[in-house]
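Visitor: Sending over a structure as C-alpha coordinates; questions will come in a sec.
The values are calculated or read from the model by the stated rules, or taken from the named source; none is laboratory data. Remember, predicted model here, so these are calculated numbers, not experimental data. Note that we place each Cβ from the backbone using ideal geometry, even for glycine, and neighbour counts take in every protein chain shown. Accessible surface areas use protein heavy atoms only, side chains included; no ligands, DNA or RNA. Shrake-Rupley method; radii C 1.70, N 1.55, O 1.52, S 1.80 Å.
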Amino acid sequence: KPAGKPMGVQISSGASIDSLRLSWSLLSDRHSEALRNLEARYIARGDEASPTFDLIAGPLKSKAEAQKVCKSLAAKNVPCKVGDFLGENL
(Lines give C-alpha, C1' and ligand atoms only; values in the text may rest on other atoms or scores of the structure.)
Protein backbone atom coordinates (compact mmCIF):
# COMPACT_ATOMS: atom_id res chain seq x y z
CA LYS A 1 0.00 0.00 0.00
CA PRO A 2 1.56 3.34 -0.96
CA ALA A 3 1.92 5.97 1.71
CA GLY A 4 -0.70 8.71 1.66
CA LYS A 5 0.10 12.31 0.91
CA PRO A 6 1.55 14.14 3.90
CA MET A 7 -0.98 16.30 5.69
CA GLY A 8 -0.53 19.77 7.08
CA VAL A 9 -2.38 22.34 9.15
CA GLN A 10 -2.97 25.93 8.11
CA ILE A 11 -2.36 27.99 11.23
CA SER A 12 -2.02 31.56 9.99
CA SER A 13 -2.41 33.90 7.03
CA GLY A 14 -0.71 37.17 6.28
CA ALA A 15 -0.02 39.87 3.72
CA SER A 16 3.68 39.01 3.42
CA ILE A 17 6.09 36.13 3.86
CA ASP A 18 7.85 38.14 6.59
CA SER A 19 4.58 38.33 8.54
CA LEU A 20 4.31 34.52 8.28
CA ARG A 21 7.87 34.13 9.59
CA LEU A 22 6.94 36.23 12.62
CA SER A 23 3.71 34.24 13.10
CA TRP A 24 5.59 30.94 12.87
CA SER A 25 8.18 32.12 15.39
CA LEU A 26 5.49 33.15 17.88
CA LEU A 27 3.24 30.13 17.33
CA SER A 28 6.06 27.58 17.47
CA ASP A 29 7.30 29.15 20.74
CA ARG A 30 3.87 29.37 22.39
CA HIS A 31 2.60 26.00 21.16
CA SER A 32 5.80 24.00 21.01
CA GLU A 33 4.09 20.84 22.25
CA ALA A 34 1.64 20.77 19.31
CA LEU A 35 4.07 22.10 16.68
CA ARG A 36 7.26 20.36 17.78
CA ASN A 37 9.11 18.61 14.94
CA LEU A 38 6.98 20.30 12.26
CA GLU A 39 8.31 22.53 9.52
CA ALA A 40 6.71 25.64 8.08
CA ARG A 41 5.71 26.23 4.47
CA TYR A 42 3.68 28.90 2.77
CA ILE A 43 1.20 29.06 -0.09
CA ALA A 44 0.62 32.28 -2.04
CA ARG A 45 -3.02 33.21 -2.68
CA GLY A 46 -4.77 36.26 -4.04
CA ASP A 47 -3.23 38.34 -6.83
CA GLU A 48 -0.31 40.73 -7.30
CA ALA A 49 -2.37 43.74 -6.20
CA SER A 50 -3.41 42.13 -2.91
CA PRO A 51 -1.41 38.99 -2.19
CA THR A 52 -2.09 36.82 0.82
CA PHE A 53 -0.05 33.94 2.12
CA ASP A 54 -1.12 30.92 4.19
CA LEU A 55 1.19 29.37 6.79
CA ILE A 56 1.14 25.56 6.68
CA ALA A 57 2.82 23.37 9.32
CA GLY A 58 3.63 19.71 8.73
CA PRO A 59 4.22 17.09 7.56
CA LEU A 60 1.81 14.96 9.53
CA LYS A 61 1.32 11.27 8.77
CA SER A 62 -2.47 11.23 8.62
CA LYS A 63 -5.59 13.34 8.56
CA ALA A 64 -6.38 12.07 12.06
CA GLU A 65 -3.00 13.29 13.33
CA ALA A 66 -3.56 16.70 11.67
CA GLN A 67 -7.02 16.93 13.25
CA LYS A 68 -5.49 16.17 16.66
CA VAL A 69 -3.00 19.04 16.22
CA CYS A 70 -5.82 21.38 15.13
CA LYS A 71 -7.96 20.38 18.11
CA SER A 72 -5.06 21.11 20.46
CA LEU A 73 -4.45 24.52 18.85
CA ALA A 74 -8.16 25.40 18.68
CA ALA A 75 -8.39 24.81 22.43
CA LYS A 76 -5.86 27.66 22.74
CA ASN A 77 -7.76 29.96 20.34
CA VAL A 78 -5.45 29.35 17.37
CA PRO A 79 -7.46 29.01 14.13
CA CYS A 80 -6.49 25.87 12.26
CA LYS A 81 -7.53 24.02 9.10
CA VAL A 82 -6.47 20.55 7.96
CA GLY A 83 -5.18 20.14 4.41
CA ASP A 84 -2.37 18.77 2.28
CA PHE A 85 1.20 19.69 3.19
CA LEU A 86 2.01 21.86 0.19
CA GLY A 87 3.89 25.03 -0.56
CA GLU A 88 7.36 26.51 -0.43
CA ASN A 89 9.72 26.33 2.54
CA LEU A 90 9.35 29.33 4.83
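Visitor: What residues have an amide H closer than 5 Å to that of L90, excluding those fewer than 5 places away on the same chain, when H is modeled at 1.01 Å from N in the peptide plane?
Guide: A40, R41, Y42
Visitor: Compute the distance from the alpha-carbon center of segment 1-36 to that of segment 43-87, in whole Å.
Guide: So the two Cα centres are separated by 6 Å.
Visitor: Nearest 10 degrees, 0 to 90: what angle lies between the long axis of helix 17-30 and the longest principal axis of the chain (Cα atoms)?
Guide: Rounded to the nearest ten degrees, it is 40.
Visitor: Using +1 at the C-beta of Lys and Arg and -1 at the C-beta of Asp and Glu, which of A75, A64, W24 has the Cα lying farthest in the positive direction of the dipole of the chain?
Guide: A64
Visitor: Where the eigenvalues come from the Cα gyration tensor of the chain, what are the semi-axes √(5λ) of the equivalent ellipsoid, largest first, in whole Å?
Guide: 21, 16, 11
Visitor: At 1.4 Å probe size, with the rest of the protein present, what percent of the exposed accessible area of segment 1-50 is carbon and sulfur atoms?
Guide: Solvent-exposed carbon and sulfur of segment 1-50 make up 48 percent of the total.
Visitor: What is the dipole size for the chain, taken about its Cα centre, with +1 at each Lys and Arg Cβ and -1 at each Asp and Glu Cβ, in debye to the nearest 20?
Guide: 540
Visitor: Could you tell me how many degrees, from 0 to 90 and to the nearest 10, lie between the Cα long axis of helix 63-74 and the main elongation axis, the longest principal axis, of the Cα atoms of the chain?
Guide: 60
Visitor: Right, another one. Accessible area per residue for the chain in Å², computed with a 1.4 Å probe and the full protein assembly in place, what is it?
Guide: Here the per-residue accessible area is 65 Å².
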